[in-house]
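The values are calculated or read from the model by the stated rules, or taken from the named source; none is laboratory data. All values derive from a computational prediction rather than experimental measurement. In this analysis, Cβ positions are derived from the backbone assuming ideal geometry, glycine residues included, and neighbour counts consider all displayed protein chains. Just the protein is used for accessible areas: all its heavy atoms, side chains included, with ligands, DNA and RNA removed. Shrake-Rupley method; radii C 1.70, N 1.55, O 1.52, S 1.80 Å.
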Amino acid sequence: MSRWSNDSRGGSVNVGIGTREIAVSPRASRSLRWGRFHKTALTSSPRSVLMSDAQRYTESGVFDALRAALAPISDDGAPPAKQAPSRNRRAHIVLDDFWGNHAILRGDFRTLRTREIDEIARAHFVDTYGVDAEAIVVRACVQRGGRALFASALPRTLVDGIRETGTAAGVDIEALKLCLPEMLNRTLNCVPQANAMLVFAADALMQAVLIEAGHWVGYDVQRLFDGDADDSERIAALAVQAFERCAEGSKTKRQDCALGLYGFDVDHASLQAGFASVTMLASCAADTGNETGNEAGDRTRPSFACRLLEYAQ
């Protein structure tokens, strides 16, 4: 049996849920150093399950692909003989931000309780997107100093469906989170100056977080289409639009703001004129070094689902 998919001792796995595929890999032991895990992650071969064309960007596609990804597989790739599933496996899951929503709210949150903060975040998503309060699962984090709140929301149907799929496969979902907060946490120490806008490329989204005097100010998200992430002129135009939306109500000027790009591999020239400086923080290919290699026409496209595995660790 594949050790990570059906370990009788109850192993843990990392799962990356993208918009078109799901990737699964063994979870490194907590005793391992980060550098050793990262090297292992790059040299191992995550299991990847593609969604059908009709099921991409759908919750049903997530559930079906996750069910296949968590199913035990023998060494020769064939399903094993039917047996009772282990109940000791655990999974840490990171989802592409396409599946949820984020917001940065400004105010004085210093004296509020956790429940009150969650209610404020929930009310924002309800008012902004017109959803029922019970239809979303909300998580919120107050920035140090208590003047800004980073909030995220996922559809309850998606969260419940993922947990039910895991249970049916004998897997306990220990962590379920969106990718942007993880990318942001790991990138903040790379910000070149107090006023900066960090722009992240995901599989289908370009997300921007504006930081003023070291504090979160605003968030913006825009859809990326095929070829956008490689077009420097297009990225420059989207970055300017993102800044204008993020900076509403702030004192930050674009010409005084540093720009940090994460997940892009574009020429700086088109961006230099609009911002104080431009820093390439990382690229999708550098994060994973993996390719899907499973589908005609996608053989040279880096797998963003595999990239998500890093943030599940």
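Odds and ends about this structure:
- Restricting attention to region 150-169, the residues that are in contact with a strand residue (DSSP E or B) (Cβ under 6 Å, 6 or more places away or on another chain) and farther than 19 Å from A140 by Cα total 2.
- Taken as a whole, the structure places N185 among residues that are under 23 Å from V138 (Cβ atoms), open to solvent by 60 Å² or more (accessible area, probe 1.4 Å) and of a type outside the set (A, V, I, L, M, F, W, C).
- Subset of region 223-248 that is open to solvent by 50 Å² or more (accessible area, probe 1.4 Å) and in contact (Cβ under 8 Å) with a residue 24 or more places away in the chain - its residue that is farthest from T19 (Cα to Cα): E248
- Within region 114-132, residues that are under 19 Å from G146 (Cα atoms) and open to solvent by 100 Å² or more (accessible area, probe 1.4 Å) have Cβ atoms under 7 Å from residues that are among the hydroxyl-bearing types (S, T, Y) and not in a helix (DSSP H, G or I) in no pair, counting only partners at least 6 apart in sequence or on another chain.
- Filter result (in contact (Cβ under 8 Å) with a residue 40 or more places away in the chain and in a strand (DSSP E or B)) within region 133-151: C141, A148, L149, F150, A151
- Total residues in region 161-179, condition surrounded by fewer than 14 Cβ atoms within 10 Å (Cβ to Cβ) and of a type in the set (S, T, N, Q): 1
- Some residue of region 152-160 being open to solvent by less than 10 Å² (accessible area, probe 1.4 Å), farther than 20 Å from V24 by Cα and assigned to a strand (DSSP E or B): yes
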